């Protein structure tokens, strides 16, 4: 069944695709500013611990269910259900998952379009096209729609190619470019005046904050959401993994790469913020709090680049190319969720499904842009703040409580015959059964009560 619906051709292909899904705009700019607002290195330490104790087990739940079923989220949860009630819940949860993934992509495409436009704005300024550069750099309805459509076109084009020719091929091309660009930018920014202050904030812990509820909840949220958990993206990618692969090792590699890139991004963004402060660009609000992420990425950093002359233009181009690649590697996994469901549940061809669903998401993005003040924040909150934690909770409950333990072990033994003797098997089943659901619900309750 797996071969007829597509399968990653290599371990590297899966790791690059899954890491690309996990590494998105949140890793590059969200995580570093969260760290800066929550005790610097204290947040970093909490994040590292929680990423491996919460995010990795939840990731493994999706990968194992997906590989076992070789199907979309709806089909997978139905397969491991044990009665009419759990089958109904699985169908509902999987269906909600692909709707949530589509809504996330609808606002993600808007933000990614901004990244593409800002990168081209810097490039246009470099070659002397000042009017074009100004139009590309300003927030405007026409510009926003045009570049949202361009970004969606890129995403649709990749997904149309399928698992190997689309997702795997482009992930293995884009992820190395992202890593090289990130390392080069970090190396350059760390040479600038003011960068040392940013490093101090990032690496010297404020231990007075390390056990505060605000920091712990923020670190929990960052660890969970950084791995694209809760909407079925990792379940879908898991369904394309060969039965010969060791899932616990693959999941560990994906987690390690995602966390490493998030941490590396901190060495870029926090020093860059303090370089901007050194150059006269304000990074704090009137109350003394750090500015929000959107202001940082679209106001502070462009102002910083403007103070750096020709070098700033080049750095700006590279930075926004980096952001665009990070967005694209994530968007292809989001689109694959509803596409896989439509292909497998309704017998639609891949090309038809991709174009129809991609177009529908683009229409949603356009509606959001026409009602930006009302809809943008609302869609972000509904999907990432409320829906993802609850769906992640469901996946953990199915892996820990619904699916029979013996069947789960048999799935792990496909790529690792001695799985029952590993430390992973001694810890993970009860951990995903008891600890993960409690922590995920804690995140959800905190997000609801503010």
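The values are calculated or read from the model by the stated rules, or taken from the named source; none is laboratory data. Please read these numbers as outputs of a predicted model, since none were measured by experiment. Using ideal geometry, Cβ is built from the backbone for each residue, glycine included, and neighbour counts are taken over all protein chains shown.
Things worth noting here:
- Test: residue in the stretch 115-132 that is under 20 Å from the mean Cα position of the chain (by Cα) and either buried (at least 17 other Cβ atoms within 10 Å of the Cβ) or closer than 23 Å to residue 26 by Cα (or both): yes
- Any hit, the stretch 63-70, residues being more than 19 Å from residue 389 (Cβ to Cβ), touching a helix residue (DSSP H, G or I) at 6+ places or on another chain (Cβ under 6 Å), assigned to a helix (DSSP H, G or I) and free of Cβ contacts under 8 Å to residues at least 60 places away in the same chain: no
- The selection criterion, being in contact with a helix residue (DSSP H, G or I) (Cβ under 8 Å, 6 or more places away or on another chain) and either touching a residue at least 12 places away in the same chain (Cβ under 8 Å) or assigned to a helix (DSSP H, G or I) (or both), does not hold for residue 249.
- A single entry from 217, 297 fulfils the requirement of being touching a helix residue (DSSP H, G or I) at 6+ places or on another chain (Cβ under 9 Å), over 22 Å from residue 389 (Cα atoms) and modelled with pLDDT under 90: 297.
- Within the stretch 162-190, being under 18 Å from residue 333 (Cβ atoms) and in contact with a helix residue (DSSP H, G or I) (Cβ under 7 Å, 6 or more places away or on another chain) holds for 162, 166, 167, 168, 170, 171, 172, 174, 175, 177, 178.
- Residue match in the stretch 393-402 (condition: touching a residue at least 24 places away in the same chain (Cβ under 8 Å), surrounded by 15 or more Cβ atoms within 10 Å (Cβ to Cβ) and more than 23 Å from the chain's Cα centre (by Cα)): yes
- Flag if residue 227 is assigned to a loop (DSSP other than H, G, I, E, B), buried (at least 21 other Cβ atoms within 10 Å of the Cβ) and in contact with a helix residue (DSSP H, G or I) (Cβ under 8 Å, 6 or more places away or on another chain): yes
- Those helices (runs of 4 or more DSSP H) of the stretch 120-207 in which 2 or more residues are farther than 30 Å from residue 254 by Cβ occupy 130-137, 141-160, 195-203.
- Test: residue in the stretch 233-241 that is at pLDDT 90 or above, touching a helix residue (DSSP H, G or I) at 6+ places or on another chain (Cβ under 7 Å) and outside any helix (DSSP H, G or I): yes
- Some residue of the stretch 77-86 being touching a helix residue (DSSP H, G or I) at 6+ places or on another chain (Cβ under 7 Å), part of a helix (DSSP H, G or I), touching a residue at least 60 places away in the same chain (Cβ under 8 Å) and surrounded by fewer than 24 Cβ atoms within 10 Å (Cβ to Cβ): yes
- Per-region count, the stretch 120-145, residues closer than 30 Å to residue 351 by Cα and in contact (Cβ under 8 Å) with a residue 12 or more places away in the chain: 5
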